[in-house]
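**Student:** Sharing a structure below in structure tokens format, with a few things to ask.
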Amino acid sequence: MTDKANILSLEQLDEQINQLQQQRDQLLKTSLLRNYPSAKQGNRKVVIVGGQGQLGQVFVNLFRISGYQVSIIEKNDWENSDAMLLEAALVLIAVPIKVTNQIINKLSNLSNECVLADITSIKQSPLKAMLTTHQGPVVGLHPMFGPDVASFANQTVIICHGRKSSEYQWLVEQLKIWQAVTYCISAEKHDQAMAMIQVMRHFSTVVYGYHLMEEETDLSEIIALSSPIYRLELAMVGRLFAQDPGLYTDIIFSNIDNAKSIKRFSHRFEELLVLMESGDKQAFIKTFEKVSTWFGDYAEQFLEESSAMLISTNEAIAKNKKS
């Protein structure tokens, strides 16, 4: 009897938790509706292709919270897609890189008033495909964050203009209403920048993780020996390997120019390794100082920012130890 009573009590507790979560979600929605109104008057229709994906869900939720009529198309929905796409004010592509252009090619029947946009992390190829397939307004977007963000506040969304920018200005305004920071750049310059921001870092991280594994490194030991800054760096490495390998592989392999850039990085790695092997400290210091001069004021800025991050990390570690 006691066990049964305990089970019932746990079930009741679960029910109470569910009710509280529903109340919280409703309060959150009410609050966000007040803060995130629609940039377009009326119940505009938004179709998100890949809306059940992690990042797609973020956009689905925000559009719905802002009062838009949102539909989702997944791979099994194409038979009904014509009806779903009818009278859409926006079709947003939120699918993996490897199938983005294939999906775009299916959207040749959109109205000329419909905005066609994507949120892929590369921009030249999908933007070209959208401009070829659709004669209406086209824009490329790249949210510089993952699906774990609580909101768009202070998050960067890159905008690569395509066609008829005045007709998708409401979408740009909606991003700003969601408190995103927008940055406009050409698709070509975007992809060149991403080769440094994403591809180089992801590839280097994969190599470092691969090296740790091949060296049979005792992770628990190096974690115990690491200061907060090195622990944070190690956490960023481990974070990558906790995520979808296909996503990062697609980003790294997205452009043949990425391999050329990494090849140049490898060459400079070898240059400095030669200095180390020959014991030429002065040449190494000279290179260090040249790079420091090139960074200029950004070096001090990054020092201050990383110091602030370290303080937060130390506080979090101390809090976890107490709990």
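The values are calculated or read from the model by the stated rules, or taken from the named source; none is laboratory data. Values in this document were obtained by computation on a predicted structure and should not be read as measured data. Here Cβ is always computed from backbone atoms with ideal geometry, including for glycine, and neighbour counts include all displayed protein chains. Accessible surface areas use protein heavy atoms only, side chains included; no ligands, DNA or RNA. Shrake-Rupley method; radii C 1.70, N 1.55, O 1.52, S 1.80 Å.
**Student:** Would you please give the FRET efficiency between GLU277 and TYR230, computed as 1/(1 + (r/R0)^6) with r the Cβ-Cβ distance and R0 = 25 Å, to the nearest 0.05? Spell out each step's value before the answer.
**Tutor:** Details: r = 24 Å, r/R0 = 0.97.
About 0.55, to the nearest 0.05.
**Student:** From the protein chains alone at 1.4 Å, what is the descending order of accessible area for CYS114, CYS184, largest first? Working shown, then result.
**Tutor:** Numbers: CYS114 0, CYS184 75 Å².
Correct descending sequence by accessible area is CYS184, CYS114.
**Student:** Roughly how big is the stretch 135-201's charge dipole about its Cα centre, with Cβ charges of +1 (Lys, Arg) and -1 (Asp, Glu), in debye to the nearest 20? Mind showing how you got there, number by number?
**Tutor:** Values: 5 positive and 5 negative charges, 17 e Å.
Dipole size: approximately 80 debye.
**Student:** Okay, next question. Please name whichever of GLN124, ILE73, GLN57 sits farthest to the positive end of the charge dipole of the stretch 36-186, dipole taken about the Cα centre and charges placed at Cβ: Lys and Arg +1, Asp and Glu -1.
**Tutor:** In the stretch 36-186, that residue is GLN124.
**Student:** Nothing charged except the Cβ atoms of Lys and Arg (+1) and of Asp and Glu (-1): what's the magnitude of the dipole of the stretch 110-233 about its Cα centre? Round to the nearest 20 debye. Can you show the working numbers first?
**Tutor:** Values: 8 positive and 13 negative charges, 154 e Å.
With only Lys, Arg, Asp and Glu charged at Cβ, the dipole is about 740 debye.
**Student:** To continue, here is another question. Note down the magnitude of the dipole of the stretch 38-143 about its Cα centre, charges +1 on Lys and Arg C-beta and -1 on Asp and Glu C-beta and zero elsewhere, to the nearest 20 debye.
**Tutor:** Values: 9 positive and 7 negative charges, 59 e Å.
The calculated dipole for the stretch 38-143 is roughly 280 debye.
**Student:** Carbon and sulfur together cover what percent of the accessible area of the stretch 195-323 at a 1.4 Å probe radius? Write down the numbers at each step before the final one.
**Tutor:** Details: 6400 of 10450 Å².
With neighbouring chains kept in place, the figure for the stretch 195-323 is 61 percent.
**Student:** Indicate the gyration tensor shape class of the stretch 160-265 (rounded, prolate or oblate), computed on the Cα atoms with a ≥ b ≥ c the square roots of the eigenvalues: a/c under 1.5 is rounded; otherwise a/b larger than b/c is prolate and the rest oblate. Please report the intermediate quantities before stating the final value.
**Tutor:** Working: a/c = 3.21, a/b = 1.87, b/c = 1.72.
It is prolate, given that a/c is not under 1.5 and a/b is the larger ratio.
**Student:** Can you work out the accessible area per residue across the stretch 198-261, with the rest of the protein chains kept in place, probe 1.4 Å, in square angstrom?
**Tutor:** Details: 4450 Å² over 64 residues.
Averaged over the residues of the stretch 198-261, the accessible area is 70 Å².
**Student:** If you take the charge dipole of the stretch 215-323 about its Cα centre, with +1 on Lys and Arg Cβ and -1 on Asp and Glu Cβ, which of ASN314, PHE288, PHE265 is farthest toward its positive end?
**Tutor:** ASN314
**Student:** Picking from GLN155, SER166, MET196, whose Cα lies most toward the positive end of the charge dipole for the stretch 139-200 (charges on Cβ: Lys, Arg +1; Asp, Glu -1)?
**Tutor:** The listed residue farthest towards the positive side: SER166.
**Student:** While we're looking at this one, here's another question. Roughly how many percent of the accessible protein surface of the stretch 73-168 is carbon and sulfur, given a 1.4 Å probe and a whole-percent answer?
**Tutor:** Working: 2000 of 4390 Å².
In the stretch 73-168, the share of accessible area belonging to carbon and sulfur is 46 percent.
**Student:** Let me make sure I get this right: for the stretch 208-323, a, b and c are the square roots of the gyration tensor eigenvalues over alpha carbons, sorted descending. Under 1.5 in a/c it's rounded, otherwise prolate if a/b > b/c, else oblate. Which is it? Spell out each step's value before the answer.
**Tutor:** On the way: a/c = 1.59, a/b = 1.22, b/c = 1.31.
It comes out oblate by the Cα gyration axes.
**Student:** Follow-up. Could you please report the charge total around SER278, scoring K, R as +1 and D, E as -1 over all other residues with beta-carbon less than 13 angstrom from its beta-carbon? Walk me through the numbers on the way to the answer.
**Tutor:** Working: positive: LYS281; negative: GLU270, GLU271, GLU277, ASP280.
That sum, taken over residues with Cβ under 13 Å, equals -3.
**Student:** With r defined as the distance between the Cβ atoms of ASP257 and PHE295 and R0 fixed at 30 Å, what FRET efficiency is calculated, to the nearest 0.05?
**Tutor:** On the way: r = 24 Å, r/R0 = 0.81.
It comes to 0.80.
**Student:** Going by accessible area, probe 1.4 Å, with all protein chains left in place, what is the ranking of PHE59, PHE253, PHE203, PHE145, largest first? List each step's numbers first, then the result.
**Tutor:** On the way: PHE59 5, PHE253 160, PHE203 80, PHE145 25 Å².
Ranked from most to least accessible, the order is PHE253, PHE203, PHE145, PHE59.
**Student:** If you rank ASP118, ASP191 by how much accessible surface each has, with a 1.4 Å probe, what is the order from largest down? Let's see the in-between values first.
**Tutor:** Details: ASP118 0, ASP191 25 Å².
Heavy-atom accessible area, descending, gives ASP191, ASP118.
**Student:** For LEU275, what accessible surface area do you get with a 1.4 Å probe? Give it in Å², rounded to 10.
**Tutor:** 40 Å²
**Student:** First check a/c for the stretch 221-264, with a ≥ b ≥ c the square roots of the eigenvalues of its C-alpha gyration tensor; if it is under 1.5, answer rounded, and if not, answer prolate when a/b is larger than b/c or oblate otherwise. Display every interim value, and only then the final one.
**Tutor:** Numbers: a/c = 4.42, a/b = 2.02, b/c = 2.19.
Note, shape of the stretch 221-264 comes out oblate.
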